[in-house]
Amino acid sequence: MSLPDLETHLDAAALAELVPDGGWAREGETITKSFRCKGWKDAIAFVGRIAKAADEVNHHPDIHVEGYRNVRIVTTTHATKRLSDADVALARLIDAAFEV
């Protein structure tokens, strides 16, 4: 099974735009970001928007709801165990979903 180019390539310049200026942090072969929502319902609605965006691009992050209103995202390309353009693209979609 061959992977799409999006999952096998990493544009370092695009990643640099997210880390740290976009609030994302690189931790080894993952990027992570925490979002603070107004409350529980807003956090869960945000998780729903993340899930929809992730399904649309077929790239799924780890999602953690912590302290009832904090949502922490960790993403990597599971098939290669490395960061890829798919993670950068998903991070941008997640940022856009938070601004809704």
**Study point:** In sequence order, calculated HN-Hα J values of the stretch 25-35 (Karplus, 6.51, -1.76, 1.60; Hz; x Gly/Pro)
**Key:** 10, 8, 10, x, 9, 10, 10, 9, 7, 10, 10
Point to revise | Computed label-point distance, nm, for sites Ala25 and Ala89 using a 7 Å Cα→Cβ extension | key: 2.8
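Report relative contact order for the chain in percent, whole number only (criteria: Cα-Cα under 8 Å, sequence separation at least 6).
Values: 129 pairs, mean separation 34.0, N = 100.
For the chain, the relative contact order is 34 percent.
Taking 25 °C and 0.890 mPa s as the conditions, I'd like the Stokes-Einstein D for the stretch 1-56 in µm²/s, using the Kirkwood hydrodynamic radius from alpha carbon pairs.
Numbers: Rh = 13.6 Å.
Stokes-Einstein gives a translational diffusion coefficient of 180 µm²/s.
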Practice item. With everything on Cα atoms, drop me the angle between helix 85-98 and the longest principal axis of the chain, reported from 0 to 90° to the nearest 10. Key: 20
Practice item. With percent of Cα pairs over 20 Å apart defined as stated, name the option among [x] 25; [y] 46; [z] 34 computed from the structure displayed. Key: [z]
Review point. Could you give me the ³J(HN,Hα) list for the stretch 67-79, computed from phi with Karplus coefficients 6.51, -1.76, 1.60 and θ = phi - 60°, whole Hz, x at Gly and Pro?
Key: x, 6, 9, 9, 10, 10, 10, 10, 10, 7, 8, 4, 5
Review point. Do any trypsin sites (Lys or Arg not before Pro) in the stretch 23-64 lie in a DSSP loop with no more than 16 other beta carbon atoms within 10 Å, and if so, which?
Key: Lys38
Review point. Among the lysines, which have Cα under 21 Å from the Cα of Lys52 when same-chain residues fewer than 8 positions away are ignored?
Key: Lys33, Lys38, Lys41
Practice item. Only helical DSSP H runs with n ≥ 4 go in: add -39500 (n - 2.57) per run for the chain, normalise by residue count and round the 222 nm mean residue ellipticity to 500 deg cm²/dmol. Key: -12500 deg cm²/dmol
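What whole-number value in Å² describes the accessible area per residue of the chain for a 1.4 Å probe?
Working: 5920 Å² over 100 residues.
With all protein chains present, the chain gives 59 Å² per residue.
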Check your understanding: Helix 40-57: angle to the longest alpha-carbon principal axis of the chain, degrees 0 to 90, nearest 10?
Key -> 20
Revision key, fill the gap. Inter-part gap, Cα centre of the stretch 62-86 to Cα centre of the stretch 10-42, in whole angstrom, is 9
Check your understanding: Which of the chymotrypsin sites (Phe, Trp or Tyr not before Pro) found in the stretch 1-98 are in a DSSP loop and have at most 14 neighbouring Cβ atoms, other than their own, within 10 Å?
Key -> Tyr68
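Multiplying the sequence separation of Val65 and Trp40 by 0.36 nm and subtracting their Cα-Cα distance, what value in nm do you get? Intermediate results must be reported in sequence, preceding the final value.
On the way: separation 25, 0.36 × 25 = 9.00 nm, distance 0.90 nm.
Gain in length upon complete extension: 8.1 nm.
The values are calculated or read from the model by the stated rules, or taken from the named source; none is laboratory data. As the structure is a computational prediction, the values presented were derived from the model and not from experiment. Using ideal geometry, Cβ is built from the backbone for each residue, glycine included, and neighbour counts are taken over all protein chains shown. For the accessible areas, the whole protein counts, side chains as well, though only heavy atoms, and no ligand, DNA or RNA atoms are used. Shrake-Rupley method; radii C 1.70, N 1.55, O 1.52, S 1.80 Å.
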